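Below you'll find the structure, written out as structure tokens, and then a few comments.
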Amino acid sequence: MSASPDPARPASDETTRPASAPSPVPGASFDERLRPAPLGWLAVVGLALTVWVALLPVDAVLATVVALVVAVVTVVLVLRWTPRVRVHAGELHAGRAHIPLDLLRDPVVLEGPALREALGPGLDARAYVCLRGWIRTAVRVDVEDPQDPTPYWLVSTRRPTALVAALTRD
């Protein structure tokens, strides 16, 4: 089965809780949002400050209003585009794609040199990849579906052992 978008996922649910909070989905054994690290949020503040400084010679009120609008819009866009990784109802959801757990085999935690190898010379171009550069760990899980050319999924997570446990438990 190939990865396909999840139209049932509500868009407003994207921004409601931190990655470490308990899962709001009944029966979900793993749920995480791949939000930016603190340095990423500082980049949002830096962008707003840059806009403010650039417009300050024109008008202080205009500069402040535009900088606040830029900050709010940037935060909303970052939260909206933050992928969600979860195991729920017998499926692994990573970003907009999902796949039944019975088609997945051998989940492996990747970090450090193993992750660099998997993302570099070891990466198969047919693999489904849901990665965020600010997250230093991932899980690779093989796909055993004769109709799907995707050999494996590579998914970023801050809690790789919990994801592996959820994939093997369900």
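Could you please rank Leu39, Leu154, Leu79, Leu55, placing first whichever residue has the fewest other Cβ atoms within 10 Å of its Cβ? Don't skip to the answer; put the middle values down first.
Details: Leu39 8, Leu154 22, Leu79 14, Leu55 18.
Sorted ascending by nearby Cβ count, the order is Leu39, Leu79, Leu55, Leu154.
Let's test the formula: R0 of 41 Å, r as the Cβ-Cβ distance of Asp142 and Val45. What FRET efficiency results, to the nearest 0.05?
Given R0 = 41 Å and the Cβ-Cβ separation, E is 0.50.
Can you give me the long-range amide H partners of His98? Hydrogens built in the peptide plane at 1.01 Å from N, cutoff under 5 Å, separation of 5 or more residues or another chain.
When sequence neighbours closer than 5 places are left aside, the close amide H contacts are Ser4.
Ranked by Cβ crowding within 10 angstrom, fewest neighbours first, how are Ile99, Ile135 ordered?
Starting with the residue having the fewest Cβ neighbours, the order is Ile135, Ile99.
Kindly work out what percent of the DSSP beta bridges joining two residues of the stretch 16-170 are antiparallel, to the nearest 5.
Looking only at bridges with both residues in the stretch 16-170, the antiparallel portion is about 90 percent.
What are the radius of gyration and Dmax of the stretch 38-80, computed over its Cα atoms and given in Å?
Answer for the stretch 38-80, Rg first and Dmax second: 10.6, 33 Å.
With contacts defined as alpha carbon pairs under 8 Å and 6 or more residues apart, what's the relative contact order of the stretch 38-80 in percent?
So the answer I get is 39 percent.
Please list, in order along the stretch 39-51, the HN-Hα scalar couplings obtained from phi with the Karplus expression 6.51 cos²θ - 1.76 cosθ + 1.60 (θ = phi - 60°), rounded to whole Hz, x for Gly and Pro.
Residue by residue, the stretch 39-51 yields 5, x, 5, 5, 5, 5, 4, x, 5, 5, 5, 4, 4 Hz.
Between Ala114 and Val75, how high is the FRET efficiency from 1/(1 + (r/R0)^6) when r is the Cβ-Cβ distance and R₀ = 45 Å? Nearest 0.05.
So the FRET efficiency works out to roughly 0.85.
Mind listing the long-range amide H neighbours of Arg132? Cut-off is under 5 Å, sequence gap 5 or more, other chains count too, H placed in the peptide plane at 1.01 Å from N.
Ser156
List Val78, Val69, Val155 from most exposed to least, where exposure is judged by having the fewest other Cβ atoms within 10 Å.
The most exposed by this proxy come first: Val69, Val78, Val155.
DSSP beta bridges in the stretch 119-163, what fraction antiparallel, as a percent rounded to 5?
Working: 5 of 8 bridges.
Taking every DSSP beta bridge with both residues in the stretch 119-163, the antiparallel ones total about 60 percent.
Provide the per-residue ³J(HN,Hα) series for the stretch 113-125, in order, calculated from phi with Karplus coefficients 6.51, -1.76, 1.60 and θ = phi - 60°, each as a whole number of Hz, with x at glycine and proline positions.
Couplings: x, 5, 5, 4, 5, 5, 8, x, x, x, 6, 8, 4 Hz.
Every read-out reported here was derived from the displayed coordinates using simple, explicitly stated rules and does not represent laboratory data. Note that this is a predicted model, so its numbers are computed, not measured. Cβ coordinates were reconstructed from backbone atoms using ideal geometry, including for glycine residues, and neighbour counts include every protein chain displayed.
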